[in-house]
Structures are given as C-alpha cells and as structure tokens.
1. Please work out how much length the chain gains when fully extended from residue 59 to residue 83, using 0.36 nm per residue of separation minus the C-alpha to C-alpha distance, in nm with one decimal.
2. Using a Gaussian network for the chain with springs between C-alpha atoms less than 10 Å apart, which of these wobbles most: 22, 123, 14?
3. Could you please rank 103, 30, 62, placing first whichever residue has the fewest other Cβ atoms within 10 Å of its Cβ?
4. Taking the beta-carbon count within 10 Å as an exposure proxy, list 85, 99 from fewest neighbours to most.
5. Quick one: length gained pulling residue 16 to residue 124 fully straight, 0.36 nm per residue minus the C-alpha distance?
6. What does the net charge come to around residue 16 if you take all other residues with beta carbon closer than 9 Å to its beta carbon, with K and R at +1 and D and E at -1?
7. In percent, what relative contact order does region 73-143 have, based on Cα pairs under 8 Å that are 6 or more apart in sequence?
8. Translational diffusion coefficient, Stokes-Einstein: compute it for the chain using the Kirkwood radius over C-alpha pairs as Rh, at 25 °C and 0.890 mPa s, and state it as an integer in µm² s⁻¹.
Amino acid sequence: MFKVAALTIVVASALATIVVHAPKADLTLEVARTESQREHGLMDRRVVSPHTGMLFVFERDEKVDFWMKDTLVPLDMIFVAADGTVRRVFSDVLVVAPTLPDEQIPREGAQAKYVIELAAGEASADGIAAGVKLDLRGAPPAQ
C-alpha cells in the first residue's frame, strides 16, 4: 500500500493465492508457477506479513537452489516433496548486500517439488519442520 497525499493506493498481487494448513496456522501463499514468477519471487518486498509468503511450484521433484538476490527481508525457505512432506527448512536466511556479485551470493538447496518462503522465524512458529506433511493438493501445476 502506498500513500500519495490524501489518496491511498492498494497494490494487488497479480499472482493467485492458495491457503496451506500448517500445524499451527493457515498460510496464505502467493503461487509462483512460471519461470518468470519463480525468478522474481519475493524480491523487492519490504515486508512479509505473518502467515503469508510464496509457494514456488516446479514441474518435477528435483534438486532446486534458492538465493536472496534483491530480497530485502530475511526469510525461511521450506523445501517440500511432491507428496507434501517437508524435506528441509532453512531458517532465517539472511539478506545479502545488493553489491555482492551474483557468483558470491550463497544458495540454499534441496530436493523439492515445492518451495515455500515465509518471513524469518515463521516456519518454526507455525510448526513447520522436516518430516511434517502439508496438504498441497490445491496447488496449481507449474507452467
């Protein structure tokens, strides 16, 4: 939301959303299912509200790598199998300096069909850990 003089403008996301039930909270996730959407991810966001984030959908369950290029807030990255089982959680992945060359930006990766990004600390607060099963049956396919 941006305030311009006395006018308030709400910027709506162009991405579809899905609600995923975690053990301790319902998560409203924007769905990034195209290459372009996955590439942009949560870049340039100054805030990721509690119980919200992004679900990245891939064509198949394979090794995927994520990084924090142009990401302004620390995140939790959750790597999820095709059947919804959480394989790996990278907690509080820190922001990197915008001047850091691409080849020096650390990457986090694991085998996954889906990756969920939430604000740092949210995965633990919502009961998400390796071995937990999430219901992702409503997730649209990758494009």
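1. Working: separation 24, 0.36 × 24 = 8.64 nm, distance 1.35 nm.
Contour length minus the Cα-Cα distance gives 7.3 nm.
2. 14
3. Fewest-to-most Cβ neighbours within 10 Å comes out as 103, 62, 30.
4. On the way: 85 12, 99 5.
Exposure proxy ranking, most exposed first: 99, 85.
5. Fully extending the segment from residue 16 to residue 124 adds 36.4 nm.
6. Counting the neighbours of residue 16, the net charge comes to 0.
7. Computed value for region 73-143: 44 percent relative contact order.
8. 158 µm²/s
FYI, it's all coordinate maths here, none of it is from the lab. Predicted, not measured: the structure shown is a model, and the values here were computed from it. Using ideal geometry, Cβ is built from the backbone for each residue, glycine included, and neighbour counts are taken over all protein chains shown.
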